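Following: one structure in C-alpha cells, then a few remarks.
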Amino acid sequence: MILDPKIVILVAEDHDFQRRTMVRMLHGLGIADVLEAANGREALEIIRSAPKPPEIVLSDLDMPEMDGMAFIHHLGEAKSGMEVIIISALDSVLLGSVAKMADAYGVQLLGVIEKPITHARLVQLLTAHRTARKAPQAVRPAPPPIFGWQEIRAGIANREFEPFFQPKIEMASGRVVGVEALARWRHPTRGIVAPYAFILELERHKDIDTLTFLMLEKAAHACRNWLAAGFDLTVSVNLSLTSLADTSLADRIIACVKGAGLEPKRMILEITETAAMTELAPALENLTRLRMHGFGLSIDDYGTGFASMQQLTRVPFTELKIDQGFITGCARNRAAHVIVEASLALARGLGLKAVAEGIETEEDWDTLKAAGCDIAQGYFLGRPLEEEAFLEFCRQRRSDT
Ligand code: C2E
Ligand code: MG
Ligand code: MG
C-alpha cells in the first residue's frame with residue numbers, strides 16, 4: 001500500500017477515456033475516494049462542496065472552460081495546501097514553465113506525468129507525496145534579521161563591514177586571476193551578516209556610498225598585500241546604480257583607490273543591470289571617466305535586467321558576468337545552455353572577458369570550459385573567504401598546479 005487508503009484524490013481531465021484510466025489506476029492502488037472533474041471550473045466546484053477536500057489533485061493542462069494553469073492559479077490563491085500532479089502531453093520546456101508558475105503561485109507540485117500516463121510514474125509521484133508528508137516539518141531557514149537604517153549606518157561608522165573574497169579562476173590555465181570583494185557585516189552579536197540584509201536598506205535611503213567607500217578602501221589594501229606576496233590579481237568591487245547619479249563619484253573613487261596605493265587597472269567595478277538606468281547621462285559620465293582612468297568595468301548578473309543589449313553599446317564595459325541563474329546547472333539544462341552560448345558569443349564579439357558566476361559542479365565547469373568561457377567563479381572553485389584565508393587559498397592553489 002503506497003498511500004493511506006483514506007486519502008482523497010481529485011482527477012481533472014477532460015478526456016473521458018484518460019480520466020477513467022487514471023481513476024482505475026488509483027482504485028487499483030487501494031484509493032477508494034477518487035473525485036472526477038472534466039475541467040478546472042468543475043474541479044473547483046467539487047473541491048468547494050466535497051465533505052472531505054482532496055489532498056492531491058491530478059490535473060491536465062489543456063482543458064475547456066478553465067485550463068490547468070487557471071486551476072493551479074486558483075488553488076494557489078485559495079491557499080488550499082493541496083499538492084498537484086500535472087498530467088500533460090506538452091513538451092518539457094513548456095512543462096518546466098508551468099512548474100515555475102505553480103511555484104510562483106505557492107502551489108506544491110509533486111511532479112509531472114507525461115502522457116501516456118504509466119502506473120510506475122504515478123506510483124513514483126504518489127510516493128513523493130507520502131515522503132513529503134512523513135518528513136518532519138521542513139526546517140525553514142530563520143528569517144533574516146531585519147536591520148534598521150540607523151543601525152546599519154552605525155555599523156559602517158564603526159567599520160564593522162569588510163569584504164570577503166571569492167576567487168576568479170582563468171578556465172584555460174586554472175590560475176587565480178582575480179577576486180570579487182563581497183560585503184559582509186561582522187556584527188557584534190549576530191555573527192557574519194550577508195549583503196541582502198543591508199544593501200537594499202542602504203540603497204533605499206540613498207546611503208550606499210559610505211559602504212562602497214569602505215569596501216573600495218579595504219579591497220584595495222587587500223589587493224596590494226596580495227600583489228606584494230607575489231600574486232598577480234585584480235580585485236572586483238560592486239557598485240550600486242544609485243551611486244552613479246552623482247557625477248562626483250568617479251573622482252572620489254579614483255582618489256580613494258589611488259590613496260590606498262592601488263593602481264586603478266587592478267580594480268574592476270561591477271554594475272548590476274537589474275535596476276533600469278534612470279539617470280543615464282551622469283551614469284555614463286562616471287563610468288566613462290572611470291574607464292579612462294584604467295578601471296575595468298563589468299556588467300554583473302548579465303541576462304536578468306533591462307535594456308541589456310542597449311547598455312552594452314553605450315557603456316565601455318570590459319567584462320560580462322553571466323548571471324548565475326543561467327550557469328548553475330547549465331550542463332543539464334538545454335535552454336540555459338543556449339543562453340550561455342549566446343552570451344559568450346556576445347562577449348567575444350564585443351571583446352569583453354566572459355565570467356561565469358555560480359559554478360557549483362564539475363560538469364558545469366566542463367561545459368563552460370568547452371564553450372570557451374574565460375573566467376569562472378563559484379562554490380565549486382571557492383567560497384568567499386576572509387583576506388588571510390584567501391591568500392592561503394592562492395598559495396595552496398599555486399603549489400597544486
Ligand atoms: P553578486 O555581485 O552577483 O555576487 C555574487 C553572489 O553570488 C555572492 O553572494 C556570492 O557569494 C554568490 N555566489 C558565488 N558563487 C556561488 C555559487 O556557486 N552558488 C551560489 N548559489 N551563489 C554563489 P553575496 O555575497 O551574498 O552577495 C549578493 C549580492 O549582494 C551581490 O551579488 C551584489 O549584488 C551585492 N553586494 C555584495 N557586496 C556588495 C557591495 O559591497 N556593494 C554593493 N552595492 N552590492 C554588494
Ligand atoms: Mg558582483
Ligand atoms: Mg552577479
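The values are calculated or read from the model by the stated rules, or taken from the named source; none is laboratory data. Bear in mind the structure is a predicted one, so any value in this text is a computation, not a measurement. Neighbour counts run over all protein chains shown; Cβ positions are idealised from the backbone, glycine included. Calculation scope for accessible area: heavy atoms of the full protein, side chains included, ligands and nucleic acids excluded. Shrake-Rupley method; radii C 1.70, N 1.55, O 1.52, S 1.80 Å.
Overview of values
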| read-out | value |
| --- | --- |
| Acute angle (nearest 10 degrees) that the helix 40-49 long axis makes with the longest principal axis of the chain, alpha-carbon atoms | 70 |
| Extension gain (nm, one decimal) between H119 and R395, 0.36 nm per residue minus Cα-Cα | 93.8 nm |
| Pairs beyond 19 Å (Cα-Cα), from K168/K369; K168/K265; K100/K168 | K100/K168 |
| Heavy-atom surface of the chain, accessible at 1.4 Å and reported per residue (Å²) | 49 |
| D33-R383 FRET efficiency (beta carbon distance; Förster radius 60 Å; 0.05 resolution) | 0.75 |
| Helix-only [θ]222 nm of the chain, DSSP H runs n ≥ 4, -39500 (n - 2.57) each, per residue, nearest 500 | -13000 deg cm²/dmol |
| Net dipole in debye of the range 234-294 [+1 Lys, Arg Cβ; -1 Asp, Glu Cβ; about Cα centre; nearest 20] | 300 |
| Label-point separation, K206 to A335 (7 Å along Cα→Cβ), nm | 3.9 |
| Value of relative contact order over the chain, rounded to a whole percent, pairs C-alpha under 8 Å and six or more apart | 11 |
| Added length on full extension, which subtracts the Cα-Cα distance from 0.36 nm per residue, N158 to E263 | 35.1 nm |
| Heavy-atom accessible surface of the chain: percent carbon and sulfur, 1.4 Å | 54 |
| Pair A70, A50: separation of 7 Å Cα→Cβ label points (nm) | 2.1 |
| Length gained when the stretch E285-K79 is fully extended (0.36 nm per residue, less Cα-Cα span) | 69.2 nm |
| Computed label-point distance, nm, for sites A228 and K369 using a 7 Å Cα→Cβ extension | 3.5 |
| Rounded to whole Hz, the Karplus (6.51, -1.76, 1.60) HN-Hα couplings of the range 70-76, x for glycine and proline | 5, 4, 4, 3, 5, 4, x |
| Rg/Rg_globular for the range 156-265, with Rg_globular taken as 2.2 N^0.38 Å and Rg from C-alpha atoms | 1.12 |
